Structure formats: structure tokens, C-alpha cells
Amino acid sequence: MRFFGARRTSGSGPANGRPDELGDDELQARVEGLLMQHVGDPDHGDPLDPLTRDRVTAWLERSGFSYFVDSDGDVGGLWHGWLFYFLVLGEHSDVLQVRGQWHRDLTIERLEDVLELCNEWNAERIWPKTYARVRDDGTIVVCAEVTADIGGGVTDDQLDQLLQCGLSTGSMFFQHLDTTFPDPLREAS
């Protein structure tokens, strides 16, 4: 499988005549080799199977996690008191989203602080995407998401990595929220 087509100025020797630079063909071969190591070669590796809710629930069962399926057919569960959903989205069910919600609501007076915290997190880290929503009653809900376009399918190992990534990075963010906004009821006891 080739990930990149030939560039207009391909050659096999050193670029610009400098011995420390790779030629286009060698650079392309090295990049493709790295991608094969990390992404996999569907022609020679584990099969790419379509993303389905059944594959997600099978992973949850194999991992020993308790989960539920709500009235909309969405799969969710609690991890350390935080609600996470495992959504299969898209017209062709080719998008996986692990979406978590922090276990506490904040008052509208904390909105600026929460938005600043989310923006700092998003600027410094790749995962999860973090954001706050203001409900109609003025309370703030804080969420974390890891979303991946599965397109041509996903191996079991790749699905495992994506689901683990969503849970672990979301949990890290929620722990950060717990530290930043301590629960006044826990501190009172």
C-alpha cells in the first residue's frame, strides 16, 4: 500500500546535492515504513472491520466494564463517577466518539474560569477536546471528547487504543477539574 504519490521532483540521490539530506524516494519509503508500523497495512496485517456498536460493547465486555444502552441506543457507563458515552456516528457509522461528562455542575459565576481551563487544556494537549455547556437553568456542564474518523474500518487493536484513549484522557481531564474546583461538600467533612 502506498500512502503518498510521487512528488514532481523525485529522485533517488541526495536532495540539493547535500549528503545529509534524503532523496525524495528514500524519504517517501521511510515515511511509508513508519506509517505501516503505527497505522498498519490492511493488505498484510489485521483485518479492518467496520465500526459497529456491537464491536464497542464486545470491547467493554472483554475489558470487564459495566455499561448500559439507553433508549436512543447509545452505549454508556460510569468510570470513577464520570459518565462516558461510546458513540458510533456518521452517515456510514464511520466515526467513533468517546464523550465524557464531569460528575459535578458549576454555577454560571465559574464560566470564565472553566472556559480558561478548557482553552489551556486544548492548547497544551491533543486529547481530549474539552468544552463547557451552559444549561437553560444557568448551570455549567463540562465535557471531554475523543473523536476518530474510522473511514475504511478499524482493527481490534486500533479500536482498543481509541477507546482506552477516550477513557484515560477524559479521566485525566476530570481529575484536573476535581483538583481545580474541589467539591465543597467533601472539604466540609
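The values are calculated or read from the model by the stated rules, or taken from the named source; none is laboratory data. On a predicted model such as this, the values are computed, not experimentally measured, just so you know. A quick note on method: Cβ atoms are made from the backbone with ideal geometry, for glycine too, and the neighbour counts reach across all protein chains shown.
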task: Run down Arg62, Arg18, Arg2 and say which single residue is surrounded by fewer than 11 Cβ atoms within 10 Å (Cβ to Cβ), charged (D, E, K, R) and at pLDDT 95 or above.
output: Arg62
query: If you check every pair at least six apart or on different chains, which have Cβ atoms under 6 Å apart with a residue in segment 114-134 that is farther than 15 Å from Gln101 by Cβ and touching a residue at least 24 places away in the same chain (Cβ under 8 Å) first and a residue that is of a type outside the set (D, E, K, R) and outside any helix (DSSP H, G or I) second?
result: Trp121/Thr130; Trp127/Val146
message: Please verify whether Thr130 is over 23 Å from Trp59 (Cα atoms) and either surrounded by fewer than 19 Cβ atoms within 10 Å (Cβ to Cβ) or not assigned by TED's automatic domain parsing to the domain that holds Val98 (or both), treating the condition exactly as stated.
response: no
message: For segment 154-162, check the following and say yes or no: at least one residue is exposed (fewer than 14 other Cβ atoms within 10 Å of the Cβ) and either within 14 Å of the chain's Cα centre (by Cα) or at positive phi (or both).
response: yes
task: Please indicate, with yes or no, whether at least one residue in segment 99-117 is within 23 Å of Asp157 (Cα to Cα) and modelled with pLDDT of 95 or more.
output: yes
message: With assigned by TED's automatic domain parsing to the domain that holds Gly152, crowded, with 17+ Cβ neighbours inside 10 Å and small (Gly, Ala, Ser) as the only criterion, which of Gly100, Gly73 stands out?
response: Gly100
message: Cβ contacts < 7 Å: first residue closer than 18 Å to Asp156 by Cβ, restricted to segment 62-79; second residue among the charged types (D, E, K, R) and outside any loop (DSSP other than H, G, I, E, B), any location; separation 6+ or different chain. Result?
response: Val75/Arg53
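For (1) part of a strand (DSSP E or B); (2) polar (S, T, N, Q); (3) within 12 Å of the chain's Cα centre (by Cα); (4) loosely packed, with under 14 Cβ neighbours inside 10 Å, each residue gets a yes or a no:
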| residue | (1), (2), (3), (4) |
| --- | --- |
| Asn122 | no, yes, no, no |
| Asp136 | no, no, no, yes |
| Cys143 | yes, no, no, no |
| Phe174 | no, no, no, no |
